[in-house]
């Protein structure tokens, strides 16, 4: 299970093999990485898990500790999101495993920008799926969440759509696509106050 709390996306961009690390287009000096680990249910394990991050000067973005959920091995699943130099990720993973912390998954987060957009109109009747497909087929942005409100058959519906993109420029391109689709379908597109489409 992968959860990116900061972006809210339930999307996996993880290595197919948990023992294999892949770095995709890492152009910054640091990359954002999700890491799922398992801790023994004894005091001090979280500190033990965070020590290698500190030693490698990684920036911890999110920690999600599922203390109420146990794995079949009776360990506690923990999800980390961190920023570190690409060469440090393997070192962190090795140090965690040396200290007895099981590393389940490691993967780079491809999407760095996110936005929530509201569409108002006959959202369902005009084909919500192809609206989503127009964004998803770009390869640089995806609709990762959708909430739909339909008060009645002949009444206007609304959809809250969350879009994740690789960067600010790609996010703007995705918004331009959504604006074009919304215009064709006679949908009102509502953006956050600080965003212009």
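The values are calculated or read from the model by the stated rules, or taken from the named source; none is laboratory data. Quick caveat: nothing in here was measured; it's all calculated off a predicted structure. Every residue, glycine as well, gets a Cβ built from its backbone with ideal geometry; the counts of neighbours run over all protein chains shown.
Numbers at a glance
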| quantity | calculated |
| --- | --- |
| Subset tally (residues that are within 13 Å of residue 36 (Cα to Cα) and surrounded by 15 or more Cβ atoms within 10 Å (Cβ to Cβ)) for the range 67-88 | 8 |
| Residue count, the range 97-143 (criterion: in contact with a strand residue (DSSP E or B) (Cβ under 7 Å, 6 or more places away or on another chain) and farther than 30 Å from residue 82 by Cβ) | 9 |
| Wholly enclosed helices (runs of 4 or more DSSP H) of the range 83-197 bearing at least 3 residues within 30 Å of residue 52 (Cα to Cα) and touching a helix residue (DSSP H, G or I) at 6+ places or on another chain (Cβ under 6 Å) | 86-98 |
| Residue 117, sole failed condition from (1) surrounded by 15 or more Cβ atoms within 10 Å (Cβ to Cβ); (2) farther than 29 Å from residue 159 by Cβ | (2) |
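Per-residue answers, yes or no, for (1) within 21 Å of the chain's Cα centre (by Cα); (2) modelled with pLDDT under 90; (3) in the same structural domain as residue 55 (by TED's automatic domain parsing):
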{"residue": "86", "(1), (2), (3)": "yes, yes, yes"}
{"residue": "99", "(1), (2), (3)": "no, no, yes"}
{"residue": "118", "(1), (2), (3)": "yes, no, no"}
{"residue": "122", "(1), (2), (3)": "no, no, no"}
{"residue": "136", "(1), (2), (3)": "yes, yes, no"}
{"residue": "141", "(1), (2), (3)": "yes, yes, no"}
{"residue": "153", "(1), (2), (3)": "no, yes, no"}
{"residue": "167", "(1), (2), (3)": "yes, yes, no"}
